[in-house]
1. Ranking Ser56, Ser86 by Cβ neighbours within 10 Å, fewest first, what do you get?
2. With a Förster radius of 35 Å, plug the Cβ-Cβ distance of Leu26 and Ala149 into 1/(1 + (r/R0)^6) and report the FRET value to the nearest 0.05.
3. Student exercise: in the chain, how many lysine pairs 8 or more apart or on different chains have Cα atoms under 21 Å apart?
4. For His60, His132, which order do you get if you count the other beta carbons within 10 Å of each Cβ and list the fewest first?
5. Which percent of Cα-Cα pairs in the chain sits in each 10 Å bin, short to long?
6. List the trypsin sites (Lys or Arg not before Pro) within segment 1-46 that DSSP assigns to loop and that have no more than 12 neighbouring Cβ atoms inside 10 Å.
7. Based solely on its DSSP helices, what 222 nm [θ] is calculated for the chain when runs of n ≥ 4 H residues each add -39,500 (n - 2.57) and the sum is averaged over all residues, nearest 500 deg cm²/dmol?
8. Rounded to the nearest 0.05, what FRET efficiency do Glu103 and Asp16 give with R0 = 30 Å and r taken as the Cβ-Cβ distance? Could you check?
Amino acid sequence: MTDISFYHLQRSNLEDALPKLLELTLKAGKRALVRAGSAERVEALNAILWTHDKDSWLPHGTSKEGHAEDQPIWLTTESDNPNEASFVFLTDGVEAQDMATFERCFDLFDGNDDASVTAARDRWKTLKEAGHDLHYWQQDEGGKWVEKA
């Protein structure tokens, strides 16, 4: 069964947290699929992955560049998995109907936005009722991820 983790962003935003999680994904030898809520968000994340750290490079692509099969990280608004990723990152409240096809699912949500928190709670409840094993991660005062009960 897919390992589903909710990441409650409070100390950093998606643009800061996602690149770090993707770095860890690549270090683990995994491929990532990042599903965003809009084409504009895909473009913004694309730009951030190119510039987030001058000493780091995250190989990635979007439908504009093509060749998904060659990309360890694929950014999209679509529901397919063209780079055959084993990890899926859900942003902007996007839901994955194909979650069972992934090893891990990361649901990242803005903890400073009441609507985003409410929607994440609803997704949690639905997944819990469906029998999934869920994990909840929250940032501590220093911005480090801590798993909460």
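Values in this text are rule-based calculations from the coordinates and carry no lab data. Computed from a predicted model, the values in this text were never measured in an experiment. Methodologically, a virtual Cβ is constructed for each residue, glycine included, from the backbone with ideal geometry; neighbour enumeration extends over all protein chains shown.
1. Least crowded to most crowded, the residues run Ser56, Ser86.
2. Rounded to the nearest 0.05, the efficiency is 0.75.
3. 8
4. Working: His60 21, His132 16.
Going from sparsest to densest Cβ surroundings: His132, His60.
5. Percent of Cα pairs in each bin: 11, 43, 37, 8, 0.
6. Numbers: sites: Arg11, Lys20, Lys27, Lys30, Arg31, Arg35, Arg41; in loops: Arg11, Lys30, Arg31.
Of the trypsin sites (Lys or Arg not before Pro), not one in the loops of segment 1-46 has a Cβ with at most 12 other Cβ atoms within 10 Å.
7. -9500 deg cm²/dmol
8. FRET efficiency, Glu103 to Asp16: 0.75.
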